[in-house]
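> The structure follows.
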Amino acid sequence: MATNLIPPAPPLPGEARLEIFVHPEGLPPNRPLEENNKFSDARRLELLGTKMLELAYMDVLRTRWAGATAQQLKPSSSKQIVAIMAIPPAPQLPGEALLEIFVHPDSLPHNCGLDDGNQFSDGRRLEVLGERMAKAAYMDVMCTKWPNVNTTQLTTLVDSTISGFMVKVVNTYRWREAVHGCPPHLVQGHEEAHRLFKTYAGAVHIQYGFQRLRDWIAALTEI
(Lines give C-alpha, C1' and ligand atoms only; values in the text may rest on other atoms or scores of the structure.)
Protein backbone atom coordinates (compact mmCIF):
# COMPACT_ATOMS: atom_id res chain seq x y z
CA MET A 1 0.00 0.00 0.00
CA ALA A 2 1.24 3.47 -0.78
CA THR A 3 2.02 5.18 2.51
CA ASN A 4 2.36 8.54 0.77
CA LEU A 5 -1.40 8.48 0.08
CA ILE A 6 -2.35 8.00 3.73
CA PRO A 7 -1.52 10.41 6.56
CA PRO A 8 0.76 8.82 9.17
CA ALA A 9 -0.82 7.75 12.44
CA PRO A 10 0.10 10.04 15.35
CA PRO A 11 3.10 8.58 17.24
CA LEU A 12 2.30 7.04 20.62
CA PRO A 13 4.45 6.12 23.63
CA GLY A 14 5.38 2.53 24.37
CA GLU A 15 2.78 2.18 27.15
CA ALA A 16 0.00 2.96 24.68
CA ARG A 17 1.37 0.69 21.95
CA LEU A 18 1.50 -2.23 24.39
CA GLU A 19 -2.19 -1.79 25.18
CA ILE A 20 -3.04 -1.60 21.48
CA PHE A 21 -0.92 -4.40 20.04
CA VAL A 22 -1.05 -6.95 22.86
CA HIS A 23 -4.46 -8.59 22.63
CA PRO A 24 -6.47 -8.31 25.86
CA GLU A 25 -7.09 -12.06 25.90
CA GLY A 26 -3.35 -12.58 26.14
CA LEU A 27 -3.22 -10.72 29.46
CA PRO A 28 -4.28 -11.82 32.96
CA PRO A 29 -8.03 -11.34 33.63
CA ASN A 30 -9.10 -8.53 35.96
CA ARG A 31 -5.76 -6.80 35.61
CA PRO A 32 -5.79 -3.73 37.87
CA LEU A 33 -5.30 -0.24 36.50
CA GLU A 34 -1.83 1.22 36.78
CA GLU A 35 -2.21 4.60 38.44
CA ASN A 36 0.97 5.98 36.86
CA ASN A 37 0.00 4.82 33.34
CA LYS A 38 -2.80 6.85 31.76
CA PHE A 39 -3.09 4.29 28.93
CA SER A 40 -3.67 1.39 31.32
CA ASP A 41 -6.39 -1.11 30.28
CA ALA A 42 -6.97 -1.57 26.55
CA ARG A 43 -10.71 -2.17 27.04
CA ARG A 44 -10.98 1.25 28.64
CA LEU A 45 -9.09 2.79 25.70
CA GLU A 46 -11.37 0.98 23.26
CA LEU A 47 -14.52 2.31 24.92
CA LEU A 48 -13.14 5.85 25.06
CA GLY A 49 -11.95 5.59 21.44
CA THR A 50 -15.34 4.42 20.20
CA LYS A 51 -17.08 7.44 21.71
CA MET A 52 -14.45 9.99 20.65
CA LEU A 53 -14.15 8.55 17.13
CA GLU A 54 -17.89 8.85 16.58
CA LEU A 55 -17.88 12.47 17.80
CA ALA A 56 -14.88 13.38 15.61
CA TYR A 57 -16.37 11.66 12.57
CA MET A 58 -19.70 13.41 12.99
CA ASP A 59 -17.91 16.74 13.32
CA VAL A 60 -16.10 16.10 10.03
CA LEU A 61 -19.39 15.23 8.31
CA ARG A 62 -21.07 18.30 9.80
CA THR A 63 -18.32 20.45 8.30
CA ARG A 64 -18.66 18.80 4.87
CA TRP A 65 -22.46 18.73 4.77
CA ALA A 66 -23.60 21.75 6.76
CA GLY A 67 -27.26 21.25 5.82
CA ALA A 68 -27.53 17.65 7.04
CA THR A 69 -29.78 16.75 9.98
CA ALA A 70 -28.51 15.11 13.18
CA GLN A 71 -30.05 11.78 12.11
CA GLN A 72 -28.34 11.94 8.73
CA LEU A 73 -25.01 12.64 10.37
CA LYS A 74 -25.18 9.82 12.90
CA PRO A 75 -23.08 6.86 11.72
CA SER A 76 -24.73 3.46 11.86
CA SER A 77 -21.83 1.78 13.64
CA SER A 78 -18.25 2.17 14.69
CA LYS A 79 -17.31 -0.42 12.05
CA GLN A 80 -18.74 1.85 9.35
CA ILE A 81 -16.64 4.72 10.69
CA VAL A 82 -13.45 2.68 10.64
CA ALA A 83 -14.17 1.46 7.10
CA ILE A 84 -14.72 4.99 5.82
CA MET A 85 -11.69 6.39 7.61
CA ALA A 86 -9.57 3.67 5.97
CA ILE A 87 -10.33 4.92 2.44
CA PRO A 88 -7.15 6.36 0.91
CA PRO A 89 -7.64 9.94 -0.29
CA ALA A 90 -7.62 10.34 -4.06
CA PRO A 91 -4.50 12.13 -5.35
CA GLN A 92 -5.12 15.86 -5.44
CA LEU A 93 -5.59 17.38 -8.88
CA PRO A 94 -5.62 20.99 -10.11
CA GLY A 95 -8.83 22.77 -11.09
CA GLU A 96 -8.23 22.29 -14.82
CA ALA A 97 -8.27 18.52 -14.36
CA LEU A 98 -11.31 18.52 -12.08
CA LEU A 99 -13.31 20.48 -14.65
CA GLU A 100 -12.57 17.84 -17.29
CA ILE A 101 -13.56 15.04 -14.89
CA PHE A 102 -16.67 16.44 -13.22
CA VAL A 103 -18.24 18.38 -16.09
CA HIS A 104 -19.86 15.72 -18.27
CA PRO A 105 -18.66 15.77 -21.91
CA ASP A 106 -22.25 15.74 -23.20
CA SER A 107 -22.83 19.17 -21.67
CA LEU A 108 -19.90 20.74 -23.57
CA PRO A 109 -19.81 22.02 -27.17
CA HIS A 110 -18.88 19.35 -29.68
CA ASN A 111 -15.51 19.35 -31.44
CA CYS A 112 -13.88 21.72 -28.96
CA GLY A 113 -10.25 22.24 -29.86
CA LEU A 114 -7.48 21.28 -27.45
CA ASP A 115 -6.25 24.01 -25.14
CA ASP A 116 -2.48 24.07 -25.76
CA GLY A 117 -1.89 25.67 -22.36
CA ASN A 118 -3.81 22.98 -20.46
CA GLN A 119 -2.26 19.53 -20.24
CA PHE A 120 -5.61 18.12 -19.08
CA SER A 121 -7.55 19.51 -22.02
CA ASP A 122 -10.30 17.20 -23.39
CA GLY A 123 -11.92 14.83 -20.91
CA ARG A 124 -12.35 12.15 -23.59
CA ARG A 125 -8.61 12.15 -24.16
CA LEU A 126 -8.04 11.77 -20.42
CA GLU A 127 -10.55 8.92 -20.36
CA VAL A 128 -8.76 6.97 -23.12
CA LEU A 129 -5.39 7.51 -21.45
CA GLY A 130 -6.80 6.57 -18.05
CA GLU A 131 -8.37 3.40 -19.37
CA ARG A 132 -5.02 2.12 -20.65
CA MET A 133 -2.94 3.27 -17.66
CA ALA A 134 -5.45 2.16 -15.01
CA LYS A 135 -5.77 -1.30 -16.53
CA ALA A 136 -1.99 -1.66 -16.68
CA ALA A 137 -1.67 -0.53 -13.06
CA TYR A 138 -4.52 -2.78 -11.91
CA MET A 139 -3.01 -5.76 -13.71
CA ASP A 140 0.36 -5.10 -12.08
CA VAL A 141 -1.30 -4.98 -8.65
CA MET A 142 -3.15 -8.25 -9.31
CA CYS A 143 0.07 -9.83 -10.53
CA THR A 144 1.74 -8.87 -7.25
CA LYS A 145 -1.17 -10.21 -5.18
CA TRP A 146 -1.32 -13.52 -7.08
CA PRO A 147 2.21 -14.18 -8.35
CA ASN A 148 1.55 -17.84 -9.22
CA VAL A 149 -1.23 -17.35 -11.77
CA ASN A 150 -0.39 -17.73 -15.45
CA THR A 151 -0.96 -15.09 -18.12
CA THR A 152 -4.39 -16.41 -19.13
CA GLN A 153 -5.58 -16.59 -15.53
CA LEU A 154 -4.28 -13.09 -14.79
CA THR A 155 -6.00 -11.63 -17.84
CA THR A 156 -9.27 -13.35 -16.91
CA LEU A 157 -9.00 -12.09 -13.33
CA VAL A 158 -8.42 -8.50 -14.43
CA ASP A 159 -11.12 -8.51 -17.11
CA SER A 160 -13.71 -9.99 -14.73
CA THR A 161 -13.06 -7.67 -11.78
CA ILE A 162 -11.87 -4.28 -13.05
CA SER A 163 -15.37 -3.03 -13.93
CA GLY A 164 -16.67 -3.74 -10.44
CA PHE A 165 -13.54 -2.22 -8.96
CA MET A 166 -14.08 1.06 -10.82
CA VAL A 167 -17.74 1.23 -9.81
CA LYS A 168 -16.84 0.53 -6.17
CA VAL A 169 -14.22 3.30 -6.15
CA VAL A 170 -16.58 5.86 -7.67
CA ASN A 171 -19.32 4.95 -5.20
CA THR A 172 -16.87 5.05 -2.29
CA TYR A 173 -15.74 8.58 -3.14
CA ARG A 174 -19.34 9.59 -4.03
CA TRP A 175 -18.07 11.19 -7.22
CA ARG A 176 -21.41 10.92 -9.01
CA GLU A 177 -22.76 13.64 -6.71
CA ALA A 178 -20.10 16.07 -7.95
CA VAL A 179 -20.81 15.66 -11.68
CA HIS A 180 -22.40 18.53 -13.59
CA GLY A 181 -24.31 18.12 -16.84
CA CYS A 182 -24.67 14.33 -16.86
CA PRO A 183 -27.92 13.13 -18.49
CA PRO A 184 -30.17 11.81 -15.67
CA HIS A 185 -30.50 8.36 -17.23
CA LEU A 186 -26.72 7.91 -17.19
CA VAL A 187 -25.70 9.26 -13.81
CA GLN A 188 -26.25 6.03 -11.82
CA GLY A 189 -25.05 3.63 -14.51
CA HIS A 190 -21.80 1.69 -14.76
CA GLU A 191 -20.83 3.61 -17.89
CA GLU A 192 -20.68 6.91 -15.99
CA ALA A 193 -18.75 5.28 -13.14
CA HIS A 194 -16.23 3.95 -15.66
CA ARG A 195 -15.92 7.37 -17.29
CA LEU A 196 -15.28 9.08 -13.96
CA PHE A 197 -12.66 6.60 -12.81
CA LYS A 198 -10.83 6.43 -16.14
CA THR A 199 -10.77 10.20 -16.54
CA TYR A 200 -9.52 10.70 -12.99
CA ALA A 201 -6.88 8.01 -13.54
CA GLY A 202 -5.74 9.70 -16.75
CA ALA A 203 -5.35 13.00 -14.94
CA VAL A 204 -3.43 11.33 -12.09
CA HIS A 205 -1.06 9.78 -14.62
CA ILE A 206 -0.41 13.15 -16.26
CA GLN A 207 0.05 14.96 -12.96
CA TYR A 208 2.10 12.37 -11.04
CA GLY A 209 3.11 9.53 -13.35
CA PHE A 210 2.40 5.81 -13.51
CA GLN A 211 3.87 4.84 -10.13
CA ARG A 212 1.61 7.16 -8.18
CA LEU A 213 -1.40 5.89 -10.12
CA ARG A 214 -0.37 2.32 -9.40
CA ASP A 215 0.16 3.03 -5.69
CA TRP A 216 -3.27 4.63 -5.42
CA ILE A 217 -4.94 1.69 -7.14
CA ALA A 218 -3.04 -0.75 -4.91
CA ALA A 219 -4.30 1.09 -1.82
CA LEU A 220 -7.87 1.02 -3.16
CA THR A 221 -7.78 -2.76 -3.61
CA GLU A 222 -7.31 -3.08 0.16
CA ILE A 223 -10.62 -1.44 1.15
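> Treat every Asp and Glu Cβ in the chain as -1 and every Lys and Arg Cβ as +1, leave all other atoms uncharged, and give the resulting dipole magnitude about the Cα centre to the nearest 20 debye.
360 debye
> With a 1.4 Å probe and all protein chains in place, put GLU131, GLU192, GLU100 in order of accessible area, largest first. Don't jump to the answer; show the numbers that get you there.
On the way: GLU131 85, GLU192 5, GLU100 35 Å².
Highest to lowest solvent-accessible surface, that is GLU131, GLU100, GLU192.
> Ok, one more. On a full-extension model of 0.36 nm per residue, what is the gain between ARG31 and ALA90, subtracting their alpha-carbon distance, rounded to one decimal in nm?
16.9 nm
> Also, I was wondering about something else. Mind listing the long-range amide H neighbours of VAL103? Cut-off is under 5 Å, sequence gap 5 or more, other chains count too, H placed in the peptide plane at 1.01 Å from N.
HIS180
> Considering only TYR208, PRO8, PHE120, whose Cα is most displaced toward the positive end of the charge dipole of the chain, charges sitting on Cβ of Lys, Arg (+1) and Asp, Glu (-1)?
Among TYR208, PRO8, PHE120, the one farthest towards the positive end of the dipole of the chain is PRO8.
> Still on this structure, please answer the following. Suppose only helical runs count, i.e. DSSP H with n ≥ 4. What mean residue ellipticity at 222 nm does that imply for the chain under -39500 (n - 2.57) per run, divided by all residues and rounded to the nearest 500 deg cm²/dmol?
-18500 deg cm²/dmol
> Counting heavy atoms of the protein chains only and a 1.4 Å probe, report the per residue accessible area for the chain as a whole number of Å².
64 Å²
> Still on this structure, I have one more. Could you tell me how far the Cα centroid of the range 141-215 sits from the Cα centroid of the range 95-115, in Å?
Comparing the Cα centres of the range 95-115 and the range 141-215, I get a distance of 20 Å.
> Taking just the C-alpha trace of the chain, give me its Rg and Dmax in Å.
Answer for the chain, Rg first and Dmax second: 22.0, 74 Å.
> May I pose another question? So, with a 1.4 angstrom probe, what is the percent of accessible area on the range 103-161 that is carbon and sulfur?
52 percent
> Sort MET52, MET139 by accessible area with a 1.4 Å probe, largest first.
Working: MET52 100, MET139 60 Å².
The residues order as MET52, MET139, largest area first.
> Quick one: grab the alpha carbon gyration tensor of the range 152-223, order the square roots of its eigenvalues as a ≥ b ≥ c, and give me rounded if a/c is under 1.5, else prolate or oblate depending on whether a/b is larger than b/c. Provide the component values of the computation, followed by the final result.
On the way: a/c = 2.02, a/b = 1.32, b/c = 1.53.
The shape class here is oblate.
> Among PHE197, LEU99, ALA136, which residue has its Cα positioned farthest towards the positive end of the charge dipole of the range 92-223, with +1 placed on the Cβ of Lys and Arg, -1 on the Cβ of Asp and Glu, and the dipole taken about the Cα centre?
It is ALA136, whose Cα lies furthest towards the positive end.
> Whole number please: convex hull volume per residue, Cα atoms of the range 110-189, in Å³.
Looking at the range 110-189, the number lands at 142 Å³ per residue.
> For the chain, with a Gaussian network of springs between Cα atoms less than 10 Å apart, report the residue from VAL167, VAL60, VAL128 with the top mean-square fluctuation.
In this elastic network of the chain, the residue with the biggest mean-square fluctuation among VAL167, VAL60, VAL128 is VAL60.
> Okay, moving on. Helix by helix, which DSSP H runs in the chain go 18 Å or more along their axis at the Cα atoms and have an average Kyte-Doolittle hydropathy of 0.0 or more?
Qualifying helices, which must be both long enough and hydrophobic enough, are 151-173.
The values are calculated or read from the model by the stated rules, or taken from the named source; none is laboratory data. Since the model is a prediction, treat every value here as computed from it, not as a measurement. Methodologically, a virtual Cβ is constructed for each residue, glycine included, from the backbone with ideal geometry; neighbour enumeration extends over all protein chains shown. Quick note on the areas: whole protein, heavy atoms, side chains included, nothing else; ligands and nucleic acids left out. Shrake-Rupley method; radii C 1.70, N 1.55, O 1.52, S 1.80 Å.
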